[in-house]
Amino acid sequence: MGSFSIWHWLVVLLVILLLFGSGKISGLMGDVAKGIKSFKANIKDEDGKDAAMAADPAAQTPVPPSGTIAAPGTQPNTAQAANPSRPAA
């Protein structure tokens with residue numbers, strides 16, 4: 001009495017197909033599959049980045065101060081950043 005028979009499930013499936021149509025369901029399942037693939041690829045990329053950072057801590061670059069961009073291994077020109085109208089040396 002508490003479980004559904006095969007006929008109940010067939011009626012539910014028929015109603016779902018009538019409401020959404022077979023094209024929408026297949027498109028939805030394709031979108032779900034693309035989302036899963038994208039999720040797995042991002043997890044794989046994150047694992048690779050974590051492993052690379054753990055192996056080479058020198059590869060971690062510090063963020064330059066106050067939004068300036070400095071070449072790796074150099075110090076930003078703080079005088080130029082403090083006074084933008086002054087020409088760079």
* Asked: Looking at 32, 12, which one is in contact with a Phe, Trp or Tyr (Cβ under 9 Å, 6 or more places away or on another chain) and either surrounded by fewer than 10 Cβ atoms within 10 Å (Cβ to Cβ) or modelled with pLDDT of 85 or more (or both)?
  -> 12
* To do: Considering every residue within the stretch 42-55, establish whether at least one is at pLDDT below 65, hydrophobic (A, V, I, L, M, F, W, C) and loosely packed, with under 10 Cβ neighbours inside 10 Å.
  => no
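The values are calculated or read from the model by the stated rules, or taken from the named source; none is laboratory data. If you're wondering where the values come from, they're calculated on a predicted model, not measured in any experiment. Glycine gets a Cβ as well: all are built from the backbone with ideal geometry, and neighbour counts include every protein chain shown.
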